[in-house]
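**Q** Below are the structure tokens for one structure; questions will follow.
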Amino acid sequence: MSPPPSSLVVLPLLLPLLLAAVSHATANAAGAGAPPPVPTPWPEQFHAVVFTNLTESGGRLQLIDLYYDWPRGRNLNLIRDQLSSDPLYDVEWTNGTSYFFDSGSCRTMRFPVGILPPDWLAAGAVYLGREHVDGFDCHLWTKVDFVWYYEEVATGRPVRWNFFNACDEL
Ligand SMILES: *[C@@H]1O[C@H](CO)[C@@H](O)[C@H](O)[C@H]1NC(C)=O
Ligand SMILES: *[C@@H]1O[C@H](CO)[C@@H](O)[C@H](O)[C@H]1NC(C)=O
């Protein structure tokens, strides 16, 4: 199963697919007699290299260095496009302010929810099963209206996340 498109407009089409995937995953889990796996909570501070595929919402593949610092209430996404040597810095603060800047521009955005807490995936995530992405064996969860999240089975590291409603400008 490939990640569905990232637009709310197609959500009605997508829901039956999602539900089918969910019952499939549930059936698998039931067959194996095991409950679905639980997402690994993030450490309070870490660096991860994460891939994002925004093909369906603006035509981008991005390689993101994610520097997460929950105790200090900040988060840096260092975003690289394959054919651009000028990375985009996305600094997010837990007070809701985000700065997006590269070598030539800067803009400020407000996201009142602040940065994601370490256990952001614990509530409301639906397990969709295992998938191989970029050579990593991953568990895949989705939070409807928000994200598909791929975590490496062996290490619990984030490998990829694709967003439903990604901002086209990023
Ligand atoms: C990115 O997503 C598109 C649309 O779902 C898919 O066709 C393509 O194979 C994906 N590319 C990668 C590298 O994951
Ligand atoms: C949030 O914190 C950052 C970093 O200290 C600061 O630049 C920004 O002005 C703050 N935003 C608000 C709304 O206080």
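**Q** Just to be sure before I move on: is Leu83 in the same structural domain as Val49 (by TED's automatic domain parsing), of a type in the set (A, V, I, L, M) and under 24 Å from Gln45 (Cβ atoms) in the structure I sent?
**A** Details: in the same structural domain as Val49 (by TED's automatic domain parsing): yes; of a type in the set (A, V, I, L, M): yes; under 24 Å from Gln45 (Cβ atoms): no.
Taking the combined requirement at face value, the residue does not satisfy it.
**Q** Let me ask something else about it. Scanning the range 61-79 for residues that are within 15 Å of ligand 1 (Cβ to nearest atom) and surrounded by fewer than 15 Cβ atoms within 10 Å (Cβ to Cβ), which turns out modelled with the lowest pLDDT? Quick ask: steps written out before the conclusion?
**A** Taking the range 61-79 as the starting set, the residues that turn out to be within 15 Å of ligand 1 (Cβ to nearest atom) are 61-64.
From what's left, surrounded by fewer than 15 Cβ atoms within 10 Å (Cβ to Cβ): 61, 63.
Values: Leu61: 89, Leu63: 94.
Top of the filtered list is Leu61.
**Q** Moving to a separate point now. Starting from residues that are within 16 Å of ligand 1 (Cβ to nearest atom) and under 25 Å from Pro118 (Cα atoms), keep the ones in the range 17-60 and report whichever is modelled with the lowest pLDDT. Steps first, please.
**A** Residues of the range 17-60 within 16 Å of ligand 1 (Cβ to nearest atom): 17-18, 21, 49-60.
Right, trim to under 25 Å from Pro118 (Cα atoms) and you get 49-54.
Working: Val49: 95, Val50: 95, Phe51: 94, Thr52: 92, Asn53: 88, Leu54: 82.
Filtering the range 17-60 for residues that are within 16 Å of ligand 1 (Cβ to nearest atom) and under 25 Å from Pro118 (Cα atoms), the one modelled with the lowest pLDDT comes out as Leu54.
**Q** Please give the strands (runs of 3 or more DSSP E) falling wholly within the range 88-144 in which 2 or more residues are touching a helix residue (DSSP H, G or I) at 6+ places or on another chain (Cβ under 6 Å) and surrounded by 15 or more Cβ atoms within 10 Å (Cβ to Cβ).
**A** Numbers: elements: 88-93, 97-101, 106-110, 126-133, 136-143.
Result: 126-133.
The values are calculated or read from the model by the stated rules, or taken from the named source; none is laboratory data. Computed from a predicted model, the values in this text were never measured in an experiment. All Cβ positions, glycine included, derive from the backbone under ideal geometry; neighbour counts span all protein chains shown.
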